[in-house]
Amino acid sequence: MAEETSNLICITCPMGCALSVTHEGKTVLSVEGNQCKWGKDYAAQELSDPRRMVTTTVRVQGGLHPLLPVYTAAPIPKPLIFELLNVLREMELQSPVHAGEIVLANALGTGVNVLASRDMPAC
Ligand code: SF4
């Protein structure tokens, strides 16, 4: 397999290092531009199984507000993001909901739960 170079931005921390990643397919050969060791891990993950945290809102019935902010407890595979957003768009919770409560368990079979970001008391 031919050696290639890809340019990535490490999103592991706010530094946002510009990485120059030399790889053969999904195998990382070298990384330049990273200011810490996490940049190499990010490059390897991004080439083999890119993942992202998802934050959005879910409708709530009878709550102080009509929408509850939610987030994935861990990053999920990038190709599943829009499918997960569609599932969450169709959901409707019943208040009260407590911060950290599981809103959707094992989202799309990923093993990752979707959690409530805040309390949503009944009104
Ligand atoms: S390489 Fe290290 S310092 Fe740079 S953005 Fe990634 S985690 Fe932050």
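The values are calculated or read from the model by the stated rules, or taken from the named source; none is laboratory data. All figures in this text were calculated on a predicted structure; none of them were measured in a lab. Every residue, glycine among them, receives a Cβ derived from its backbone with ideal geometry; neighbour counts consider all protein chains shown. Keep in mind that these areas ignore ligands, DNA and RNA; they rest on the heavy atoms of the full protein, side chains included. Shrake-Rupley method; radii C 1.70, N 1.55, O 1.52, S 1.80 Å.
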MRE, 222 nm, helices only [DSSP H, n ≥ 4, -39500 (n - 2.57), over the chain, to nearest 500]: -5000 deg cm²/dmol
Relative contact order in percent for the chain (Cα pairs under 8 Å, 6+ apart) equals 19 percent
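Can you tell me the FRET efficiency between Asp49 and Ala2 if r is taken as the Cβ-Cβ distance and R0 is 30 Å, rounded to the nearest 0.05?
Details: r = 21 Å, r/R0 = 0.71.
Using R0 = 30 Å, I get an efficiency of 0.90.
Based on Cα coordinates alone, diagonalise the gyration tensor for the chain, multiply each eigenvalue by 5, take square roots, and list the semi-axes in whole Å, largest first.
Working: eigenvalues 277, 43, 19 Å².
Values for the chain, descending: 37, 15, 10 Å.
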In the chain, what percent of the accessible surface is made up of carbon and sulfur (1.4 Å probe, ligands and nucleic acids excluded)? 55 percent
With every protein chain left in place and a probe of 1.4 Å, what is the accessible surface of Arg89, to the nearest 10 Å²? 140 Å²
Taking the alpha-carbon distance from Lys78 and a cut-off under 14 Å, which aspartates and glutamates remain once sequence neighbours fewer than 8 residues away in the same chain are dropped? Glu46, Asp49
The answer for the net charge of residues other than Lys26 whose Cβ lies under 12 angstrom from its Cβ, with Lys and Arg +1 and Asp and Glu -1, is -4
Could you please state, rounded to a whole Å, how far the C-alpha centre of the range 1-67 is from the C-alpha centre of the range 70-109? 20 Å
Using a 7 Å offset from Cα along Cα-Cβ at Asp119, what residues in the range 54-72 end up with backbone N under 14 Å from the label point? 64-65
Which of Leu108, Ser48, Val31, positive extreme of dipole for the range 25-123 (C-beta unit charges): Val31
Along the charge dipole of the chain, which of Ala122, Pro69, Val87 sits closest to the positive end, that is, farthest toward it, with unit charges on the beta carbon of Lys, Arg, Asp and Glu (+1, +1, -1, -1)? Ala122
How high is the FRET efficiency from Ser30 to Ile102, r the C-beta distance, R0 35 Å, rounded to 0.05? 0.30
Which angle between 0 and 90 degrees, to the nearest 10, do you get for helix 81-90 versus the longest principal axis of the chain when only C-alpha atoms count? 0 degrees
Given a cut-off of under 8 Å on Cα pairs at least six residues apart, what relative contact order in percent is computed for the range 62-123? 48 percent
On a 0 to 90° scale, report how tilted helix 38-48 is relative to the longest principal axis of the chain, with both axes built from alpha carbons and the result rounded to the nearest 10. 80 degrees
